[in-house]
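A short worksheet on the structure shown next.
The values are calculated or read from the model by the stated rules, or taken from the named source; none is laboratory data. Model, not experiment: these values are computed from the prediction. Counting neighbours? That spans all protein chains shown, and the Cβs are built from the backbone with ideal geometry, glycine included. Just the protein is used for accessible areas: all its heavy atoms, side chains included, with ligands, DNA and RNA removed. Shrake-Rupley method; radii C 1.70, N 1.55, O 1.52, S 1.80 Å.
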Amino acid sequence: MRRLALCALLAAGACARPSTVPLPIMPGVPTVSERAERVYRESFVIDTHNDMPTKMLDDAYDASIRHPAGFGPGEGNTDVPRLVQSGMTAEFLSAWVDAPYARRRGESFERAIRYVTAIHALVDAHPDQLRFATTAADVRAAKRDGKVAILIGVEGGHAIENSLDGLRELYARGARYMTLTWNNGNAWAGSSVGVDGSRKGGLTPFGRDVVREMNRLGMLVDLSHVSDSTFFDALAVTTAPVLVSHSSARAINDVPRNLSDAQLRAVAKNGGVVNVNFYSRFVDPVYRARAEAVDRELAADRRAARTGPDSAAARVRLAARRDSLMARIPPTPFSVLVDHFDHIAKVAGVDHVGIGSDFDGVTALPNGMEDVTALPRIAQALLDRGYSEEDVKKMLGGNMLRLMSEVLDRTAPLP
Ligand SMILES: [Zn+2]
């Protein structure tokens, strides 16, 4: 515990030795043994989705300093000191383009570029702790040199504004995956949610060209967020194994953002990897039911915030009420999160599971999974369920490293 306090006081990099800080003991949460600690440290631990860059751009979040774990302004699940402490090998930071940017020409692409620039600037500001990476070889080298590898994933296919040149530009600037949609569908791919009345259908002929171009470039085709029909259309056209960067199992919690068992089997057949999303609303059916009840309770307040005479004040009241109601929902047990790893390993196979936390992009996380430093608990929980050390290493990131070496390290020259 003394070490924890010391680390909290010191600047980034002072705790560069990974996983030397013991995690607090919590009821219902696995206590990390020396064996789990060793397995974790020997692993390539790779998280395929983290939204900290949105906090950096929108909330003036200073990633250089340590923050308390949480969801409010000034709190977070990630920062450079905790990335170092976590001992993780590689983090994909998300260049997320929100749906409204798609309304005006030029804005989605520009927004994606702003993220890419901010992520590069973050890495450049921390040369002793972070290393920018675009390949599996880079990730291996970063681990060898004691740095956390940072990669870029673009979230929302509308970022390319229907242009393969736009896609190539993002690739050239270092992006190594793109989700074909976010919650909004676009002109060529349908989303699982279809916000703002956007498309939920399959891939158009141009959408197939996007997948082919990603294959040619050596960029991971990410099927998180897409509709079921776009999912299967993309699998039919891709010549490379796919990524599912942050989705969990629908058999445990039936939401469109999670994958059905048929989808899990299809990813396994393709050779891809499904990375488990930690968001309580995606992993936990009990939490989801309670959160949906809160949504229903707030329907009238939401209308007032949208159209009422004093909508600005109503929005502030709505947010406060929503926060207090949501805070009353009991947190998701850690074991429910582990159930998703277990289920995907059983249905798709242990070679097709990984970590896709969605840290800093969600409003609730399971008990014991408050921030990036808690990741060693996953190693312990999987060992506790009887997985071999080799299998645990695969799920922590070995599978992703294999996928990355198959897709990212085999690139075609740009035209
Ligand atoms: Zn997402």
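List of remarks:
- Any hit, the range 205-216, residues being aromatic (F, W, Y) and either open to solvent by less than 40 Å² (accessible area, probe 1.4 Å) or touching a Gly at 6+ places or on another chain (Cβ under 6 Å) (or both): no
- The range 29-47, subset open to solvent by less than 70 Å² (accessible area, probe 1.4 Å) and in a loop (DSSP other than H, G, I, E, B), residue farthest from the ligand (Cβ to nearest atom): S33
- The strands (runs of 3 or more DSSP E) found entirely in the range 117-208 that carry 2 or more residues being within 26 Å of R66 (Cβ to Cβ) and touching a helix residue (DSSP H, G or I) at 6+ places or on another chain (Cβ under 7 Å) are 130-132, 148-155.
- Top-ranked residue in the range 221-241 [being in contact (Cβ under 8 Å) with a residue 40 or more places away in the chain and more than 14 Å from the chain's Cα centre (by Cα); ranked as nearest to the ligand (Cβ to nearest atom)]: V226
- Residues that are out of contact with any strand residue (DSSP E or B) (no Cβ under 9 Å at 6 or more places or on another chain) and in a loop (DSSP other than H, G, I, E, B) were ranked within the range 265-298; the one that is farthest from V316 (Cα to Cα) is G271.
- Sole residue being of a type in the set (G, A, S) and within 16 Å of the ligand (Cβ to nearest atom), chosen from S245, S311, S260: S245
- For N258, the conditions (1) open to solvent by 30 Å² or more (accessible area, probe 1.4 Å); (2) farther than 29 Å from R168 by Cβ; (3) in contact with a helix residue (DSSP H, G or I) (Cβ under 7 Å, 6 or more places away or on another chain) are fulfilled apart from (1).
- Looking across the range 181-220, the residues that are under 22 Å from S260 (Cβ atoms), within 16 Å of the ligand (Cβ to nearest atom) and either modelled with pLDDT of 95 or more or over 22 Å from the mean Cα position of the chain (by Cα) (or both) come down to T181, W182, N183, N184, G185, A189, G190, S191, S192, S198, L220.
- Some residue of the range 53-68 being open to solvent by 10 Å² or more (accessible area, probe 1.4 Å), within 26 Å of L243 (Cα to Cα) and assigned to a strand (DSSP E or B): no
One line per residue, one yes/no per condition, for (1) of a type in the set (G, A, S); (2) closer than 30 Å to I329 by Cβ; (3) touching a Phe, Trp or Tyr at 6+ places or on another chain (Cβ under 7 Å):
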position	(1), (2), (3)
G207	yes, no, yes
R216	no, no, no
H225	no, yes, yes
A234	yes, no, no
P241	no, no, no
D261	no, yes, no
R302	no, yes, no
P309	no, no, no
A314	yes, yes, no
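- Here N50 meets the list (1) away from the ligand (no atom under 16 Å from the Cβ); (2) in contact (Cβ under 8 Å) with a residue 24 or more places away in the chain almost entirely, failing just condition (1).
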